[in-house]
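This report refers to the structure that appears directly beneath it.
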Amino acid sequence: MKHARVAYEGAIHDAVAHPDGLRLTHGPHAGRCVSEDAVVWLPPLRPLARPRTILALGLNYAERASTLEFKAPEEPLAFMKGESSLIGHRAHTVRPPAVKNMHYECELAVIIGQPARRVPRARALSVVDGYTVANDYAIRDDLENWYRPNLKVKNRPGATPIGPWRVDAADVPDPSALRLHTTVNGQRTQSGSTADMIFDVPSLIEYFSHFMTLLPGDVILTGTPDGVINCVAGDVIVTTIEGIGALQNTLVAPPAPTPSTSPTP
Amino acid sequence: MNQALGHWQPAGTVYGGLLTFSREWDLWAPRMQDKPYLAPPRAPVLYIKSANTFSPAGQSLRLEDGLTEVALCATLGLVMGEEGQVQALALLADWMVPHASYFRPAVRWRCRDGFLGLPAQATPVAHLGDWSALSWQVWRNDELVQTSSLAQLREPVSKRLADLQAFMPLQPGEVLMVGSDCLPDGTRPLFGPGDRVRISAPGLVSVEQGIEPAKEGMA
């Protein structure tokens, strides 16, 4: 089943995919079927009482690792993100105006379903709740060599679109055999397959859970293949993973600054 | 994780800062142009402590996976309120696996289970006077091993908050750790099994934590 979290008619709802768009399952309008453009899409993640752990991978596709820097890494190159970086499907992400290179990264996102500590590879997929699509934008102008990749590159607010759907793990028997691609204004710019990951989903769960407890709702963004290009304000970027979903985002210029208090009449 | 119900835990993402104290910056400065860094940092150097690291007051830190010692980044956490303002302060025992490179840190150096010792309570800044030169002391068992002060930061807290929030506004409940000072030789105080740490500062709730060896069969 495909699950979503959306705002509709003044309230947040859980929803599932339906031939007409979405069927609302929890919230004041539960039972109603609505079209995909009638709702505001939120990240398809259940809210947590604690800060959500969001792990992300760098250089996790063989081809990209060879073009970018060096030989394949011996252990996953991972970093963390804050939850305020996440934003839902069909949202707008700010592209800072002075930037020369801001590129998308189409990534399979793994959502953890059970507390996981020291989970061996062979059992790793049993702790997965589901999968979604993430676009882990990078602002390369800001890349520095101190605690790389530094947060100014990877942790801007709302610069990590995620969604539209959380797809149950039972509906994704092999997360290592999914085609993925990205289009910019309808033109295909990135293509790949999760089969080319250096560290596949079970390996990543085994690796992380060896030293940390993964908790329900935590997310692992599994890296992106080759084919990332600079995008500009106005570009519509759609990152798609076969069987999981097509995540749309539009880059925009920052809003004009507004005074923090309204002027007295 | 629920043994300490009622004790404070961060409600939002916890961000850490590196190279914020003048002493550490000055020690690094001659090497900042070298490979792999190639230039001094322009933006704040930051990292995240994930929720699995939270160790509420009263819980020990257990060394696992063959670890025999851990380094302490004794720091002050700024607990954010509305509109990017500091709402409360919390002393924090930010543990790490000692590492010499600041290039590409492994998550396993900073985000092992229990690697952020918390005080029982955070203290609202409204209950404090001027805290701009607050200092805190680190004790290993009964020995004073480090004294740090906000006055030794390379830049004042207000400038640091402004620089960071220019690209990453902090949300209510999120915590920014101001960074930790190093010892004169550039290292951080080391702790091993059987040691006890206490971080204390005037007006704030202390952090106290014992270090325990791995459980049998888990090393």
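The values are calculated or read from the model by the stated rules, or taken from the named source; none is laboratory data. Treat the numbers as computed from the prediction; the structure is a model and nothing was measured. Cβ atoms come from the backbone with ideal geometry, glycine included; neighbour counts cover every protein chain shown.
Please determine, by comparing only the residues of the stretch A:153-169 that are closer than 18 Å to A:Val6 by Cα and surrounded by fewer than 21 Cβ atoms within 10 Å (Cβ to Cβ), which one is farthest from the other protein chains (Cβ to nearest Cβ).
In the first step, residues of the stretch A:153-169 are kept if they are closer than 18 Å to A:Val6 by Cα; the result is A:158, A:160-168.
In the following step, the residues that additionally are surrounded by fewer than 21 Cβ atoms within 10 Å (Cβ to Cβ) were identified as A:158, A:168.
Numbers: A:Gly158: 11, A:Asp168: 24 Å.
Among residues in the stretch A:153-169 that are closer than 18 Å to A:Val6 by Cα and surrounded by fewer than 21 Cβ atoms within 10 Å (Cβ to Cβ), the one farthest from the other protein chains (Cβ to nearest Cβ) is A:Asp168.
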Residues of the stretch B:160-219 classified as touching a strand residue (DSSP E or B) at 6+ places or on another chain (Cβ under 6 Å) and on the phi > 0 side of the Ramachandran plot, total: 1
Residue, surrounded by the most Cβ atoms within 10 Å (Cβ to Cβ), within the stretch A:103-152, restricted to residues that are of a type in the set (Gly, Ala, Ser) and within 14 Å of chain B (Cβ to nearest Cβ): A:Ala116
Cβ pairs under 7 Å, 6+ apart, first in the stretch A:8-29 and part of a strand (DSSP E or B), second basic (Lys, Arg): A:Ile12/A:Arg5; A:Asp14/A:Arg5; A:Ala15/A:Arg23; A:Val16/A:Lys2; A:Val16/A:Arg23; A:Ala17/A:Lys2; A:Leu24/A:Arg32
Residue count for the stretch B:134-154, restricted to those that are of a type in the set (D, E, K, R), in contact with a strand residue (DSSP E or B) (Cβ under 9 Å, 6 or more places away or on another chain) and not in a loop (DSSP other than H, G, I, E, B): 1
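Could you tell me which residue of the stretch B:31-58 is nearest to the chain's Cα centre (by Cα), considering only residues that are assigned to a loop (DSSP other than H, G, I, E, B), under 12 Å from A:Arg148 (Cβ atoms) and not hydrophobic (A, V, I, L, M, F, W, C)? I'd like the intermediate steps shown before the answer.
First, the residues of the stretch B:31-58 that are assigned to a loop (DSSP other than H, G, I, E, B): B:32-44, B:50, B:56-58.
Filter once more, so that each one left must be under 12 Å from A:Arg148 (Cβ atoms): B:36-38, B:41, B:43.
Going one step further and asking which of them are not hydrophobic (A, V, I, L, M, F, W, C), we end up with B:36-37, B:41.
Working: B:Pro36: 25, B:Tyr37: 23, B:Pro41: 20 Å.
Checked the stretch B:31-58; the qualifying residue nearest to the chain's Cα centre (by Cα) is B:Pro41.
Rundown of residues vs (1) modelled with pLDDT under 95; (2) over 26 Å from B:Thr13 (Cβ atoms), yes/no style:
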position: A:Asp20; (1), (2): yes, yes
position: A:Arg23; (1), (2): no, yes
position: A:His26; (1), (2): no, yes
position: A:Gly31; (1), (2): no, yes
position: A:Leu42; (1), (2): no, no
position: A:Leu55; (1), (2): no, no
position: A:Ala72; (1), (2): yes, yes
position: A:Ala78; (1), (2): no, no
position: A:Glu83; (1), (2): no, no
Test result for B:Glu24, of a type outside the set (Lys, Arg) and surrounded by fewer than 18 Cβ atoms within 10 Å (Cβ to Cβ): no
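Looking only at the stretch B:99-116, which residues are in a loop (DSSP other than H, G, I, E, B) and either over 18 Å from A:Arg117 (Cβ atoms) or without any contact (Cβ under 8 Å) to a residue 24 or more places away in the chain (or both)?
Our first condition is that a residue be in a loop (DSSP other than H, G, I, E, B); within the stretch B:99-116, this holds for B:99-106, B:111-115.
Correct list: B:His99, B:Ala100, B:Ser101, B:Tyr102, B:Phe103, B:Arg104, B:Pro105, B:Ala106.
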Members of the stretch A:183-210 found to be in contact (Cβ under 8 Å) with a residue 12 or more places away in the chain and charged (D, E, K, R), listed by number: A:Asp196, A:Asp200, A:Glu206
Among the candidates B:Gly186, B:Gly179, B:Gly173, residue that is under 22 Å from B:Phe54 (Cβ atoms) and touching a Lys or Arg at 6+ places or on another chain (Cβ under 9 Å): B:Gly179
Residue satisfying condition, being buried (at least 19 other Cβ atoms within 10 Å of the Cβ), touching a Leu at 6+ places or on another chain (Cβ under 9 Å), more than 21 Å from A:Asn155 (Cβ to Cβ) and in contact (Cβ under 8 Å) with a residue 12 or more places away in the chain, within set B:Leu150, B:Leu161, B:Leu176, B:Leu134: B:Leu134
Test: residue in the stretch B:39-49 that is surrounded by fewer than 20 Cβ atoms within 10 Å (Cβ to Cβ), touching a residue at least 40 places away in the same chain (Cβ under 8 Å) and out of contact with any Asp or Glu (no Cβ under 9 Å at 6 or more places or on another chain): no
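Kindly evaluate A:Ala72 against the criterion of being touching a residue at least 40 places away in the same chain (Cβ under 8 Å), in a helix (DSSP H, G or I), away from every other protein chain (no Cβ under 14 Å) and not hydroxyl-bearing (Ser, Thr, Tyr). Full working, then the answer.
On the way: touching a residue at least 40 places away in the same chain (Cβ under 8 Å): yes; in a helix (DSSP H, G or I): no; away from every other protein chain (no Cβ under 14 Å): yes; not hydroxyl-bearing (Ser, Thr, Tyr): yes.
Answer is no for this residue.
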Total residues in the stretch B:62-117, condition more than 9 Å from chain A (Cβ to nearest Cβ), among the acidic types (Asp, Glu) and surrounded by fewer than 16 Cβ atoms within 10 Å (Cβ to Cβ): 2
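One line per residue, one yes/no per condition, for (1) farther than 20 Å from A:Asp218 by Cα; (2) touching a Ser or Thr at 6+ places or on another chain (Cβ under 7 Å); (3) in the same structural domain as A:Cys106 (by TED's automatic domain parsing):
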{"residue": "A:Arg5", "(1), (2), (3)": "no, no, no"}
{"residue": "A:Ala17", "(1), (2), (3)": "yes, no, no"}
{"residue": "A:Asp20", "(1), (2), (3)": "yes, yes, no"}
{"residue": "A:Ala56", "(1), (2), (3)": "no, no, yes"}
